[in-house]
Protein chains: 2
Amino acid sequence: MIFYLQIAKTLVDRIQSGLLPQGTKLPSVRHLSTLLPVSPVTVSKAYAELESNNLVTCTQGKGCREPSEAVTREGALDLSWQMSLIDYLTRAQLWRNFNHSRQVPYSFHIAAIQPGLLPTREIIADTRRLTSENPDAMAVYGAFKGDLELREVFAAHLNERGIRSGAEQLLVTRGAQQGIDLVARTFVGAGDVVYMEAPTYTGAIDVFTSRGAKVIMIPMDEQGMKLDILTRLCDTHPPKLIYTIPTFHNPTGVTLPTVRRTKLLDLAQSYHCLIVEDDPFSELYYKTKPPISIKDHDQSGHVVYIKSFSKTVAPGCRIACVAATGSVLDRLVAAKSTTDLGSPLLTQRALLPFISHRLDHHLDRLRDQMRDRLALALHTLRRNAPPEVSWYTPEGGLNIWIKLPSIVDIAELERLADREGISFLPGAVCYAGGMDSNHISLIIRSSWSGNLFYKGYLYWGLKIQAQGIPS
Amino acid sequence: MIFYLQIAKTLVDRIQSGLLPQGTKLPSVRHLSTLLPVSPVTVSKAYAELESNNLVTCTQGKGCREPSEAVTREGALDLSWQMSLIDYLTRAQLWRNFNHSRQVPYSFHIAAIQPGLLPTREIIADTRRLTSENPDAMAVYGAFKGDLELREVFAAHLNERGIRSGAEQLLVTRGAQQGIDLVARTFVGAGDVVYMEAPTYTGAIDVFTSRGAKVIMIPMDEQGMKLDILTRLCDTHPPKLIYTIPTFHNPTGVTLPTVRRTKLLDLAQSYHCLIVEDDPFSELYYKTKPPISIKDHDQSGHVVYIKSFSKTVAPGCRIACVAATGSVLDRLVAAKSTTDLGSPLLTQRALLPFISHRLDHHLDRLRDQMRDRLALALHTLRRNAPPEVSWYTPEGGLNIWIKLPSIVDIAELERLADREGISFLPGAVCYAGGMDSNHISLIIRSSWSGNLFYKGYLYWGLKIQAQGIPS
């Protein structure tokens, strides 16, 4: 990409993510050109690009600022120097879209299971019993890799699912997010090529772009990532890492069939690269069990498999595990130590009895409950969605990926929905580089029964009608 | 530094930290030169440098390997391709020195308070009461910034200590380690200049070097960092960030007086840079209260203040908070979201009642207990240490920084001590760039009463006698 466009793109992301406070005065051309360092001409071009898109307002002799009425200052402090403090957050869509402060009554944007379906009370009861036996465990630092007992329990579960990793090949992380982040900080640097599905989990895009990776997104069909395209691109852009959510993909719900899984592994072997297999949802199948994981096929330590136990058990506990082999695992453990000296023991121990004894039963029940909710969601969609609206019917997971007519202004729809207490995830945040998308993702929840579509339909309908299309 | 020396240095760190398994075959000159990419001549020079230091063994036509007898392979898998997988861990001393698996009966290397002095049982009792009231809190993702109630309690504590940050200016992190890491990943990139005290906390060196920072270490005197040297260096190497532990410094125990604190802030203001004020120990004063923090003097958002609550309350809970202002805070919160989507709610809530109501009382008692232990440690040192051994008498904190005669081979001493179940922290790991140091750090614990010095003295004595110096 041309350099001034890169600068413009970074500033656009800041403005859109809200990281630049409204009305912020942007650094002067001369100042920014010294800081980056690039020529003043390049910076001027970047600002001109932003101005032509109405993202900044420039005044001759006064510089550029983010357009808004008032400049608010925190207390009486003068923090203006902070604007010249260069940072390395190239993208902050996760922060923008998933901050807890954005709480609405009908929340369909966070891929989380409703609290009522989770075994929180049981886990708390366990914690009580457990902690009374060995309280001093909480007073010491845990192992960097995570509590051994918990890793043994994780290993047993993974083994049942065909992943032959022993406890010593597992690393406990704070949710899958930390797993992805550890891989990125360990193995991805500036200019390294990372392939991902298009679209993909927005939090993973944040992570890889923050490392300065060259992120290349591969289109999908109804069988997942299009490997012919990936193979062709690898020729000219050899991969350092391929990130994939092969099972009930987030956000599309699509599953990669076995033949593509083994092909992907062949590709990794020929390019000596890593595959990150992110698996948040494989237990949440609503028809048949999904194909065995890519990690199952892996004979030579190419796959880093990330299994979240947060989503289906206790999001508040932030627990996942990473299965990896050889020095790849050692290096991830070293990175974990640098990041946080290991996960809290309390949360690890809190989950131990539940995951050892009751997880399978819980998942059986959860699948039934979620299957009902999916049926309701699909029923509501079929009944209420305008004919121009289409969607993919997922066989598992939490997302329904919905295509709106291209005429719908999704940003405007988001604002309207927000006013009514409804949230959804705009598809654009699931692409790197701020690509347009006329998709949205909605999470399967019980409130589909009416609330969403009563109001959601209203807005889509209104919007589509306003554009002159019959709904 | 000359480039081949940099390559050699990185490989040395891997070999010394144990991240390269014994007997590992290193990549061929041709292969490494393609990967890095540098000229084969540069790689050859790096290997020659390593060979001349006996760190690798090279055989004509067979390449170089880490010297050892056997090459072990994990199961039957062939993982040799992993050696060519470039990573971005430039240093892993934390991993090497603090892994939980390195447990010994007389552990003096981890700066942690003995479990018996910590209020673990109380916290667990609180958790029970609390969780029964609002169990669903554990089932949802928390706010990226951390639990609001906990931030309010933290803010109240900081206010009592003169730090006027409201709850909205705090970010809850997984221990101070994550606080440091968030600052680094947000604001430090390749080539950015980071100043630190020499010596300093080894985990902070790991973090900043992993970002590719140019780490410059500033010598200390008995009043902390020598600001005249820092000021001179800033002239030619303008700082992006200054990392300091001004109060009961880790590992030396030295405290920076107020006049230097305000000077440091002036420097940050003139260079538009950040100060990271890491404060693990200020409550652990054994004589008088330490001077007020640098953050107290900060009127323009230059200081990121990191307060660990893990060390004095519950290391297993991994809880600290970061106080920052303006967009610096926002950017840190965005980075936190990318790293782990926020800290676990369970551990945050677990600590809430204790920190609200009983922290001050606990700290009073803890100071008394630690003061006794310090007195005992100093007594033991005075009584048993050979005359060539000297130390700094700390007025707070957990470390005693001990200078051994330069003739002592610290690596050998470490091996001998390890065989007897005694651990200490070799001073060299507290310096960037593998500098030699004839210091060691010992943590103040009750077992100073005899165990350590009975055995420790024995070894020092033996060692010193073996070198022909009377003990």
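Structure notes:
- Take every pair of alpha-carbon atoms less than 8 Å apart whose residues are at least six positions apart; their mean separation over the length of the range B:379-446 yields a relative contact order of 33 percent.
- Take A:His31, move 7 Å from Cα toward the beta carbon, and the resulting point lies 5.0 nm from the same point in each other copy, nearest first.
- With the biggest extent put first, the Cα atoms of the range B:291-339 measure 35, 34, 7 Å across the principal axes.
- Among the protein heavy atoms of the range B:177-320, carbon and sulfur supply 53% of the accessible surface, probe 1.4 Å, non-protein parts ignored.
- The range B:377-385 - phi-based ³J(HN,Hα) in whole Hz, Karplus 6.51/-1.76/1.60, Gly and Pro as x: 4, 5, 4, 4, 4, 4, 6, 10, 6
- Out-of-range pairs (alpha-carbon distance over 24 Å; input A:Lys145/B:Lys336; A:Lys263/B:Lys336; A:Lys336/B:Lys311): A:Lys263/B:Lys336
- Shortest first, A:Asp78 label-point distances to identical copies amount to 6.7 nm, with the label point at 7 Å from Cα along Cα→Cβ.
- The phi-based Karplus calculation (6.51 cos²θ - 1.76 cosθ + 1.60; θ = phi - 60°) puts the 3J(HN,Hα) values of the range B:39-56 at 6, x, 4, 4, 5, 4, 4, 4, 5, 4, 4, 5, 5, 5, 9, 6, 8, 9 Hz, whole numbers, x for Gly and Pro.
- Coarse-grained scattering of the range A:324-384 at q = 0.11, 0.20, 0.26 Å⁻¹, given as base-10 log I(q)/I(0) from a Debye sum over alpha-carbon atoms: -0.57, -0.85, -1.00
- Using C-alpha pairs under 8 Å with a sequence gap of at least 6, the mean separation divided by the residue count of the range A:157-276 gives a relative contact order of 23 percent.
- As a ratio to 2.2 N^0.38 Å, the alpha-carbon radius of gyration computed for the range A:363-450 takes the value 1.14.
- Taking N as its residue count, the alpha carbon Rg of the range A:222-376 over 2.2 N^0.38 Å: 1.15
- Per residue, the range B:220-343 exposes 26 Å² of accessible surface when a 1.4 Å probe is rolled over the protein heavy atoms with every protein chain present.
- When only Cα pairs below 8 angstrom with a gap of at least 6 residues are kept, the range A:192-250 shows a relative contact order of 48 percent.
- Of the accessible area of the range A:371-439, computed with a 1.4 Å probe over protein heavy atoms only, carbon and sulfur atoms account for 46 percent.
- Residues in the range B:186-206 that, when all protein chains are in place, have 40 Å² or more less accessible area than the chain alone would give (probe 1.4 Å): B:Thr186
- Candidate residues A:His361, B:His379, B:His302: accessible-area rank, largest first, probe 1.4 Å: A:His361, B:His379, B:His302
- Using a 7 Å projection from Cα along Cα-to-Cβ, the label point at A:Thr262 is separated from the same position in the remaining copies by 7.5 nm, smallest value first.
- Legend: mean number of C-beta atoms from other chains within 10 angstrom of residue C-beta atoms, peptide B:173-179, equals 4.
- Contact surface A-B: accessible area buried, both sides summed, square angstrom, 1.4 angstrom probe: 8100
The values are calculated or read from the model by the stated rules, or taken from the named source; none is laboratory data. Because the structure is predicted, anything quoted here is derived from the model rather than measured. All Cβ positions, even for glycine, are placed from backbone atoms using ideal geometry, and neighbour counts span all protein chains on display. Calculation scope for accessible area: heavy atoms of the full protein, side chains included, ligands and nucleic acids excluded. Shrake-Rupley method; radii C 1.70, N 1.55, O 1.52, S 1.80 Å.
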